[in-house]
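**Q** So that we are looking at the same thing, I have put the structure below in C-alpha cells.
The values are calculated or read from the model by the stated rules, or taken from the named source; none is laboratory data. Keep in mind that this is a model prediction, so the values were computed, not measured. Heads up, the Cβs are rebuilt from the backbone with ideal geometry, glycines too, and the neighbour counts pull from every protein chain shown.
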Amino acid sequence: MDRFDRTPKTNSEDEIVIVPCMETAACRVAVTRAYDHLISSGADDRVAFEAAGKVYAWHHPEVPSSRVPYVIAEWLP
C-alpha cells in the first residue's frame, strides 16, 4: 500500500468501509499513546483498551463502534 493511499477499503464480510491509517498517522499515535500512558500509570488493561478505543472513535466517527476494538487491537501490544 502506498503510504499516502487513504482509499477506503471494503470488508466483504459485512461491507464496512475502514480507511487505513499509516503508522505515523495522528490517530494511531494518539491511540497508542493513550494506551501506553494508562498502562504505565497502573490502569487495568481493559480500561486502557477502552480508553484507546474512545480515542480512535473520536478520530474516526465513520467507523462503527462494533469494529473499533478490532482495528486498535492490531496496533496495541
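**Q** Among (1) in a helix (DSSP H, G or I); (2) at pLDDT below 90; (3) not hydroxyl-bearing (Ser, Thr, Tyr), there is one condition Ala52 misses while meeting the rest; what is its number?
**A** Among (1) in a helix (DSSP H, G or I); (2) at pLDDT below 90; (3) not hydroxyl-bearing (Ser, Thr, Tyr), the lone unmet condition for Ala52 is (2).
**Q** Mind listing just one residue for me: the one in the range 1-45 that is of a type in the set (D, E, K, R) and not in a loop (DSSP other than H, G, I, E, B) and, of those, modelled with the lowest pLDDT?
**A** Applying the first criterion (of a type in the set (D, E, K, R)) to the range 1-45 yields 2-3, 5-6, 9, 13-15, 23, 28, 33, 36, 44-45.
Still in the list and also not in a loop (DSSP other than H, G, I, E, B): 9, 28, 33, 36, 45.
On the way: Lys9: 53, Arg28: 92, Arg33: 96, Asp36: 97, Asp45: 96.
Filtering first and then ranking leaves Lys9.
**Q** A follow-up question, please. Of the residues Pro64, Pro69, Pro77, which single one is in contact with a strand residue (DSSP E or B) (Cβ under 7 Å, 6 or more places away or on another chain) and either at pLDDT 90 or above or part of a loop (DSSP other than H, G, I, E, B) (or both)? Reasoning before the result, please.
**A** Numbers: Pro69 fails: in contact with a strand residue (DSSP E or B) (Cβ under 7 Å, 6 or more places away or on another chain); Pro77 fails: in contact with a strand residue (DSSP E or B) (Cβ under 7 Å, 6 or more places away or on another chain).
Result: Pro64 is the single residue among Pro64, Pro69, Pro77 that is in contact with a strand residue (DSSP E or B) (Cβ under 7 Å, 6 or more places away or on another chain) and either at pLDDT 90 or above or part of a loop (DSSP other than H, G, I, E, B) (or both).
**Q** Related question: I need every pair where a residue in the range 25-36 that is free of Cβ contacts under 8 Å to residues at least 24 places away in the same chain has its Cβ under 6 Å from the Cβ of a residue that is surrounded by fewer than 17 Cβ atoms within 10 Å (Cβ to Cβ), sequence separation at least 6 or different chains.
**A** Going by the 6 Å Cβ cut-off, the qualifying pairs are Ala34/Ala51.
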